[in-house]
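Report on the following structure.
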Amino acid sequence: MNPQANANPDPDVLILGAGIAGLAAARALAQRGMRVLILEARDRVGGRILSFATNEDVTIELGAEFVHGRAPELWSLIDECGAKTIEREGSMLREEWDGSLVEDEETENGDLFAPLDKLANLSEDLSFADWLRSSKVPEDERPALLGYVEGFNAADPNCISARSLGIQQRAEDAIDGDRTWHIHGGYAQLTNYLATQIRSSGGDLRLNCIVQSVHWRAGGVRVETSAGAFNAPRCIVTLPLGVLQRANREQGLRFDPEPPALAAARRLAMGAASRFTMIFRERWWESSSRLDSEALRRMSFLFTSRRLPPVWWTIRPEHTPLPTLTGWAGGRRAPEFAGQNPDDLGRAACHTLAEVFRLPEARLLAALTSTHMHDWSSDPFSFGAYSYVPVGALDAPNTMAEPESATLFFAGEHTDTTGHWGTVHAALRSGLRAAAQILGNA
């Protein structure tokens, strides 16, 4: 055992994971005078928020990227730490199945997703795929809806609850979820700010500290890690769903005894998403003759459903000296990128995009400076991108949000009880909820 682990008095609360849920909980507790200790397996804070500074002096996101809507908790933190945001706008381009390139009309998108608004009221929960097969949605509109569920939710349409999609749509409508922002300089500004606040309030944070087992009883928790053992009367577990689903199984961390939250976690699903970001010397797509120059200049998203990846975006309207394009695949199509070399992905993407825009592939390759990605599905500290709710599991997040003997508390986007699963603001909100539960029981 590491003798330093017990050199200081035991904390009032142990927090497992320094993603935004754990950091938010830790700050809330530390500012109320509680001794908190965060144990983080990685060599950095942020969890699935990963802002990466490239050799070209460009900061790109390899994890969470967008601020979805006007969730008050998240915007309060953005304003507090002084991060600058810019609302995403611009044209949405789509490659049709016949190969033509068109600009989507915003009103058409709104009409397309209108059926999702009614799913929360289904009398029987079905998978989205089963609901779609029995619905009156025109056949020619179904591929776009399936693509949305796979891409946005990183979900398998044959598994995800249709009712959960309706609840999610209703929750998004309440916060203007159809609007998105980009944080100039990276999302990690928020998590780094929280870490600084925690330390200045007397909290402690240990990096490179991999949790191996959690032994608990009412009023006491002992956490064994790669850096020693730590004790506290309470513990907040913010480990990602993919990690929790492997608990008490071969090579997974151990909970003794197993809390009911783990059974609930196994009923949820961890979505798969693959993304890579390419940095270019120029906005070469603006020179294509396939669309008018204004639509190309204002390009924000590009959908290429018949190709991989099916979704692309660029930062718009935030022009940078070195523009970027991000390729994204979610759900069942995501594993096709698993384990691939970023440079190989970049070259293949240039071939695909040259065909879409009918430009010389050599020009794109000459403009490409680097390609970057992080494989979240194989990452041993996440095992996936973010969670979604399968058929019949709508009660699981609420079960996980209930404290166990006022001793174990679970937080993270998968424990959200407000319909915002899979988002940064859901994770943040859950951390604040867990802190409030502890303060209420303190």
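The values are calculated or read from the model by the stated rules, or taken from the named source; none is laboratory data. Every value quoted in this text rests on a predicted model; they were computed, and no experiment measured them. Heads up, the Cβs are rebuilt from the backbone with ideal geometry, glycines too, and the neighbour counts pull from every protein chain shown.
Of all the criteria given as (1) surrounded by fewer than 21 Cβ atoms within 10 Å (Cβ to Cβ); (2) farther than 14 Å from PHE113 by Cα, the one not satisfied by LEU132 is (2).
Restricting attention to the stretch 172-224, and to residues there that are of a type in the set (Phe, Trp, Tyr) and under 20 Å from the mean Cα position of the chain (by Cα), which single residue is farthest from LEU14 (Cα to Cα)? In this case the residue turns out to be TRP181. Criterion applied to GLY177, GLY186 was being assigned to a loop (DSSP other than H, G, I, E, B), touching a strand residue (DSSP E or B) at 6+ places or on another chain (Cβ under 8 Å), touching a residue at least 40 places away in the same chain (Cβ under 8 Å) and on the phi > 0 side of the Ramachandran plot, and the one residue passing it is GLY186. Taking into account only those residues within the stretch 245-255 that are in contact with a strand residue (DSSP E or B) (Cβ under 8 Å, 6 or more places away or on another chain) and in contact (Cβ under 8 Å) with a residue 24 or more places away in the chain, which is surrounded by the fewest Cβ atoms within 10 Å (Cβ to Cβ)? Looking at the filtered set, the residue picked out is ARG254.
The set of residues in the stretch 123-141 being farther than 20 Å from GLY392 by Cβ, not in a helix (DSSP H, G or I) and not β-branched (Val, Ile, Thr) consists of LYS136, PRO138. If you go through the stretch 403-428 and keep only what is in a loop (DSSP other than H, G, I, E, B) and without any contact (Cβ under 8 Å) to a residue 60 or more places away in the chain, you end up with PRO403, ASP416, THR417.
Every residue in the stretch 341-369 that is in contact (Cβ under 8 Å) with a residue 24 or more places away in the chain, outside any helix (DSSP H, G or I) and within 25 Å of the chain's Cα centre (by Cα), please. The answer is none; no residue qualifies. Against the conditions (1) over 30 Å from ALA30 (Cβ atoms); (2) outside any helix (DSSP H, G or I), PHE152 satisfies every one except (2). Candidates are the residues of the stretch 387-401 that are in a loop (DSSP other than H, G, I, E, B) and out of contact with any Pro (no Cβ under 8 Å at 6 or more places or on another chain); the one that is farthest from ARG217 (Cα to Cα) is VAL391.
One residue alone among THR352, THR371 is of a type in the set (Val, Ile, Thr) and in contact with a Lys or Arg (Cβ under 6 Å, 6 or more places away or on another chain), and that residue is THR352. Restricting attention to the stretch 210-230, the residues that are touching an Asp or Glu at 6+ places or on another chain (Cβ under 6 Å) and assigned to a loop (DSSP other than H, G, I, E, B) add up to 0. Residues in the stretch 115-168 that are over 14 Å from GLY419 (Cβ atoms) and of a type in the set (Ser, Thr, Tyr): SER123, SER127, SER134, SER135, TYR148. Every listed requirement among (1) within 25 Å of THR417 (Cβ to Cβ); (2) buried (at least 16 other Cβ atoms within 10 Å of the Cβ) is met by ALA329 save one, (1).
One residue stands out among those in the stretch 403-442 that are over 17 Å from ILE175 (Cα atoms) and β-branched (Val, Ile, Thr): the one that is surrounded by the most Cβ atoms within 10 Å (Cβ to Cβ), which is THR415. Number of residues in the stretch 14-30 that are touching a strand residue (DSSP E or B) at 6+ places or on another chain (Cβ under 7 Å) and assigned to a loop (DSSP other than H, G, I, E, B) equals 1. Scanning the stretch 43-96 for residues that are part of a helix (DSSP H, G or I) and of a type in the set (Val, Ile, Thr) yields a single hit, ILE78. Would it be correct to say that GLU65 is in contact with a Phe, Trp or Tyr (Cβ under 8 Å, 6 or more places away or on another chain), surrounded by 14 or more Cβ atoms within 10 Å (Cβ to Cβ) and among the acidic types (Asp, Glu)? Considered against the rule, which asks whether it is in contact with a Phe, Trp or Tyr (Cβ under 8 Å, 6 or more places away or on another chain), surrounded by 14 or more Cβ atoms within 10 Å (Cβ to Cβ) and among the acidic types (Asp, Glu), GLU65 comes out as yes.
When we screen GLY99, GLY33 for residues that are in a loop (DSSP other than H, G, I, E, B), farther than 20 Å from THR326 by Cα and at pLDDT below 95, the only hit is GLY99.
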